[in-house]
Amino acid sequence: MTKRMCYHAGMLLSVQGLGALYSVLALLICILVVFGFRLARIGWRSLYKKLPPEAPPKAEKPSEPVYFLVERKKKRARAEYSAPRRIDFK
């Protein structure tokens, strides 16, 4: 390690490094307190708000009957078949 890298690594453990660490922690704590207070205030205000009355349940309509369209099979035009044809593949 060079002298410069050793100096920066040692600075984190020095009094100045601890001061920077404490200031960053204090900033994070302040941010959490402010947002926590805002959320708590929103929740406190919502406790006293009146909710709209629930609508009475609607009576269910009887279901309509379902009709299926059914087609009959068509009869073949002729009942007899002709003799099978022979196909030659050449």
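The values are calculated or read from the model by the stated rules, or taken from the named source; none is laboratory data. All values derive from a computational prediction rather than experimental measurement. Using ideal geometry, Cβ is built from the backbone for each residue, glycine included, and neighbour counts are taken over all protein chains shown.
Pairing each residue of the stretch 3-29 that is in a loop (DSSP other than H, G, I, E, B) and modelled with pLDDT of 85 or more with any residue that is among the β-branched types (Val, Ile, Thr) and loosely packed, with under 10 Cβ neighbours inside 10 Å, provided the two are 6+ apart or on different chains, yields no C-beta distance under 9 Å.
Consider Arg45 carefully, then state whether it is surrounded by 10 or more Cβ atoms within 10 Å (Cβ to Cβ), under 34 Å from the mean Cα position of the chain (by Cα) and of a type outside the set (Gly, Ala, Ser).
On the way: surrounded by 10 or more Cβ atoms within 10 Å (Cβ to Cβ): no; under 34 Å from the mean Cα position of the chain (by Cα): yes; of a type outside the set (Gly, Ala, Ser): yes.
Judged against the criteria, Arg45 is not a match.
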